[in-house]
Amino acid sequence: MATSARLPPEERFLLACARATREPAAQQELAALEAEGIDWERLRASAVRHGMLVILAKWLADHLPDGMPPAMANDLRRLYLHSTAASLRKLAEAERAVRHLRDGDIASVPFKGPLLSLMAYGDAGLRVSTDLDLLLAREDVERAMDLLAGLGYQTAQAADRSQWAAILRYQNEWPLVRSAPPAQLDLHWAVAPRQIACGLDVRQILARSPRVEVAGYMLPSLDTADLILMLCIHGAKHDWDALELICSLAGVVGGAAEVDWTTILGTASASGCRRRCLLGGLLAAELLRAPIPGWFLDIARADRGAADLATLTMESLSARQSRTTTLARHMKWQGASLDGYGAKTRYFLLRTFEPSPEDWGAIRLPPDLYFLHYPLRPPRLIVKHAARIARR
């Protein structure tokens, strides 16, 4: 079973840093770990690997250990200040984009990035993000792109009519970029790609999103239950390969005034992502003591698939270095996280045959011959990964 005691001391230090943003008692754990002896260079490398360098930097800004090299401490403190300033700029841009879409009668909700950082850690600057993420309805995507062009945003990659139809059908997001001032904005019209078979209704999510005040801006935000479930799905999408994915989930759970776990599990079961929900809750409780009810954890531990994936996740997180994730290993992990054989079969078929923008770039076909990408994808993948193995 997953427990933080199985992690190396540097990873345990990072988990305590994340908890310390909301739990004063975690300071004692940090002091105890520091007294045991911390390899600061290894800690910094681990923080980079797990997406937690700014969280470490914030802790150092408040509590500078005597044993840390002064140059490293100064660099990390500057990093925290830079991240905070960048997050405030992103919040201003998010408010501008949401207001611009609202004036065009399009509902949207920003998520991840600084807004998630504030909900998880009480500080908008503790998550590094290179872009803004907006959730909106699928039928509004093309009109939203036209409206956002008024703010200088253009599609990051051209797509013909057949490719764009496939993007809307199979994918869940598409990037827009702006050159001056530089920015990237990702439009999301589904919680996960179609291959994941997640049936969450985006229209309902948008309808129940509350408005919150963030750094002086009034912004729509995801309902807590929706956010928790989306974080479970997002973490599983990335094989839970970084501690920050778990920390942000645990932070949202711990910072919420009330969480309706019965509704969350019911929604997850109805939308085909029950195991992903169980796994996320299990990791957050075992690694970061997130206040998740015992009955939920009992169900999670009784789900053999969720328990096995928790063990695999711990083995990966406990490794001193990042493990190379092959396509076969990733697909096996993803398949194991899905509910039922129907969803697993659907995933493997779509993952094998569904064309991607990479396929379009590798093999140029006119729009009327787009259908040929389906039979051409499997041999292209075989050649690509055989070449990668040969290089190793």
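Among the residues making up the range 203-218, a single one is modelled with pLDDT of 90 or more, outside any helix (DSSP H, G or I) and crowded, with 17+ Cβ neighbours inside 10 Å: 209. Can you find a residue that is under 18 Å from the mean Cα position of the chain (by Cα), loosely packed, with under 14 Cβ neighbours inside 10 Å and at pLDDT below 85 anywhere in the range 42-55? Looking for residues that are under 18 Å from the mean Cα position of the chain (by Cα), loosely packed, with under 14 Cβ neighbours inside 10 Å and at pLDDT below 85, one finds none in the range 42-55, hence no. Taking the range 1-110 as the region of interest, the helices (runs of 4 or more DSSP H) fully inside it that hold 2 or more residues being under 30 Å from residue 217 (Cα atoms) are 9-20, 53-62, 70-103.
What about residue 183, is it within 30 Å of residue 341 (Cα to Cα) and buried (at least 17 other Cβ atoms within 10 Å of the Cβ)? Spelling it out, it is not the case that residue 183 is within 30 Å of residue 341 (Cα to Cα) and buried (at least 17 other Cβ atoms within 10 Å of the Cβ). Contact map, the range 84-106: residues that are in contact (Cβ under 8 Å) with a residue 24 or more places away in the chain paired with residues that are assigned to a helix (DSSP H, G or I) and among the acidic types (Asp, Glu), Cβ distance under 7 Å, separation 6+ or inter-chain. Pairs shown: 106/140. Output the residue which, of all residues in the range 111-127 that are crowded, with 23+ Cβ neighbours inside 10 Å and among the aliphatic types (A, V, I, L, M), is nearest to residue 216 (Cα to Cα). Once the filter is applied, the top-ranked residue is 115.
Of the helices (runs of 4 or more DSSP H) lying entirely inside the range 291-350, those containing at least 2 residues that are surrounded by 14 or more Cβ atoms within 10 Å (Cβ to Cβ) and under 19 Å from the mean Cα position of the chain (by Cα) span 304-318, 327-336. Filtering 258, 213 for residues that are assigned by TED's automatic domain parsing to the domain that holds residue 51 and closer than 30 Å to residue 317 by Cα leaves a single hit, 258.
The values are calculated or read from the model by the stated rules, or taken from the named source; none is laboratory data. Computed from a prediction, not measured in an experiment: that's the story for all the values here. All Cβ positions, even for glycine, are placed from backbone atoms using ideal geometry, and neighbour counts span all protein chains on display.
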